[in-house]
1. Filtering the stretch 56-102 down to residues that are touching a residue at least 60 places away in the same chain (Cβ under 8 Å) and out of contact with any strand residue (DSSP E or B) (no Cβ under 9 Å at 6 or more places or on another chain), which residue is nearest to residue 23 (Cα to Cα)?
2. Residues that are crowded, with 19+ Cβ neighbours inside 10 Å, modelled with pLDDT of 90 or more and within 13 Å of the chain's Cα centre (by Cα): find the strands (runs of 3 or more DSSP E) completely inside the chain holding 2 or more of those.
């Protein structure tokens, strides 16, 4: 049986991931982001960005984050939401660190 989830990603970003101003900006972008996830027997079979966050990098990393979270066994919706948000925030912080280095 295929289950389609639409997740409205609302972030409470971890403080250690980015400075306070960045947390607010990332959180606002994540609130806008909506993913369509197709699940079958606890496996992610499809992921699409239904509503953009307004940030191409966040949109691009969202489905990768979802795949990683589901692959690690997180399938309950609120835990999945938290896992995806956390992975996006980490990816944004890593990207910003790379941008500052080079």
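1. 89
2. Of the strands (runs of 3 or more DSSP E) lying wholly inside the chain, those with at least 2 residues that are crowded, with 19+ Cβ neighbours inside 10 Å, modelled with pLDDT of 90 or more and within 13 Å of the chain's Cα centre (by Cα) span 34-40.
The values are calculated or read from the model by the stated rules, or taken from the named source; none is laboratory data. In this text, all values refer to a predicted model and were calculated from it rather than measured experimentally. Cβ atoms come from the backbone with ideal geometry, glycine included; neighbour counts cover every protein chain shown.
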